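What follows is a short report on a single structure.
The values are calculated or read from the model by the stated rules, or taken from the named source; none is laboratory data. Computed from a predicted structure; not experimentally measured. For neighbour counting, all protein chains shown are included, and Cβ atoms are generated from backbone atoms with ideal geometry for every residue, glycine included.
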Amino acid sequence: MASSRKFFVGGNWKMNGNSESIAEIVKNLNKAEKDFTRTEVVVAPPAIYLKQVVQDLNGKVAVSAQNCYKVSKGAFTGEISAEMIKDVGAKWVILGHSERRHVFGEKDELIGEKVGHSLSAGIGVIACVGELLSERENGTTNDVVCRQIKVISENVADWSKVVIAYEPVWAIGTGKTATPEQAQEVHQMIRGFFKENVSSEVALSVRIIYGGSVNAKNCCELAAKPDVDGFLVGGASLKPEFISIINSRN
Ligand code: 13P
């Protein structure tokens with residue numbers, strides 16, 4: 001049975017691009033957007049290009065920041081706030097990405113605080129979770145993902161503005177995608193967590209998207225799984241094949 005959850009595809013450009021290449025990606029998205037009828041599409045440029053992308057997109061594709069801090073303003077050199085993201089017209093922020101967790105050492109508690117503040121500031125949150133290869137190998141995937149989800153959920157009152165991205169760390173930027181079965185298994189487990197710990201309504205309605213080496217070749221098989229409600233795409237979101245990924249459920 002096809003779910004009633006609207007398919008959601010995010011493009012996380014990470015620290016890539018410049019004014020020229022970003023203008024080109026935006027041009028291609030604008031050309032293709034008439035096809036995005038059944039999918040919610042969001043792109044996340046580096047913060048310095050947020051305003052450019054918001055201004056240049058036609059309007060169907062929303063814009064997300066890749067990170068923000070847990071308060072509105074103050075002496076936090078180098079940081080941006082959810083209020084600033086909203087001020088330039090972006091609608092979303094990615095929080096808890098594995099690169100924030102593992103390259104920059106962000107802990108569950110900080111990520112939870114960022115989620116709470118961003119939602120109260122009025123922007124949507126794409127909250128990322130996922131296990132390391134060592135954790136998958138020692139059988140603790142579910143424990144790790146549940147621990148991360150629990151801290152996030154303690155900071156959410158309105159789930160309509162939250163998308164969960166399951167991104168196994170071993171699949172990010174490695175060309176090693178989770179199999180559709182592996183993704184489905186964890187997504188189903190996450191939905192079960194929501195049913196038990198939040199509510200049946202949230203379990204049914206929250207979108208759980210997959211990230212980690214998604215490309216035009218593997219997206220359709222992943223999209224066919226009942227609990228895969230979309231993707232968070234890194235490398236392939238900078239390329240024309242992003243359009244095929246957006247349309248993988250159509
Ligand atoms: P890749 O698609 O490049 O593996 O990156 C996934 C990711 O981290 C999206 O947030």
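Per-structure values
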item: Region 150-163: number of residues that are assigned to a helix (DSSP H, G or I) and surrounded by 22 or more Cβ atoms within 10 Å (Cβ to Cβ); result: 1
item: Test: residue in region 131-140 that is within 16 Å of the ligand (Cβ to nearest atom), within 15 Å of the chain's Cα centre (by Cα) and buried (at least 16 other Cβ atoms within 10 Å of the Cβ); result: no
item: Subset of region 194-225 (residues that are closer than 19 Å to residue 159 by Cβ and either β-branched (Val, Ile, Thr) or assigned to a loop (DSSP other than H, G, I, E, B) (or both)); result: 198, 199, 202, 206, 208, 209
item: Condition met for residue 191 (of a type in the set (D, E, K, R) and either within 12 Å of the ligand (Cβ to nearest atom) or not in a loop (DSSP other than H, G, I, E, B) (or both)); result: yes
item: Subset of region 194-230 (residues that are within 16 Å of the ligand (Cβ to nearest atom) and either modelled with pLDDT under 95 or among the β-branched types (Val, Ile, Thr) (or both)); result: 208, 209, 214, 228
item: Per-region count, region 154-180, residues away from the ligand (no atom under 16 Å from the Cβ) and without any contact (Cβ under 8 Å) to a residue 40 or more places away in the chain; result: 2
item: Single residue of 30, 12, 67 found to be farther than 30 Å from residue 155 by Cα and either surrounded by 18 or more Cβ atoms within 10 Å (Cβ to Cβ) or out of contact with any strand residue (DSSP E or B) (no Cβ under 7 Å at 6 or more places or on another chain) (or both); result: 30
item: Only listed residue being in contact (Cβ under 8 Å) with a residue 40 or more places away in the chain, among the β-branched types (Val, Ile, Thr) and either more than 14 Å from the ligand (Cβ to nearest atom) or surrounded by 23 or more Cβ atoms within 10 Å (Cβ to Cβ) (or both), chosen from 80, 126; result: 126
item: Residue that is surrounded by the most Cβ atoms within 10 Å (Cβ to Cβ), among those in region 219-231 that are under 18 Å from residue 189 (Cβ atoms) and either out of contact with any helix residue (DSSP H, G or I) (no Cβ under 6 Å at 6 or more places or on another chain) or free of Cβ contacts under 8 Å to residues at least 40 places away in the same chain (or both); result: 230
item: Tally, over region 231-250, of residues that are closer than 12 Å to residue 9 by Cα, in a loop (DSSP other than H, G, I, E, B) and either of a type outside the set (S, T, N, Q) or within 15 Å of the ligand (Cβ to nearest atom) (or both); result: 3
item: Residues of region 27-37 classified as under 17 Å from residue 10 (Cβ atoms) and at pLDDT 90 or above, total; result: 3
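Quick grid of which residues meet (1) touching a Cys at 6+ places or on another chain (Cβ under 9 Å); (2) buried (at least 20 other Cβ atoms within 10 Å of the Cβ); (3) without any contact (Cβ under 8 Å) to a residue 40 or more places away in the chain; (4) outside any helix (DSSP H, G or I):
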{"site": "34", "(1), (2), (3), (4)": "no, no, yes, no"}
{"site": "51", "(1), (2), (3), (4)": "no, no, yes, no"}
{"site": "63", "(1), (2), (3), (4)": "no, yes, yes, yes"}
{"site": "71", "(1), (2), (3), (4)": "no, no, no, yes"}
{"site": "85", "(1), (2), (3), (4)": "yes, yes, yes, no"}
{"site": "106", "(1), (2), (3), (4)": "no, no, yes, yes"}
{"site": "112", "(1), (2), (3), (4)": "no, yes, no, no"}
{"site": "120", "(1), (2), (3), (4)": "no, no, yes, no"}
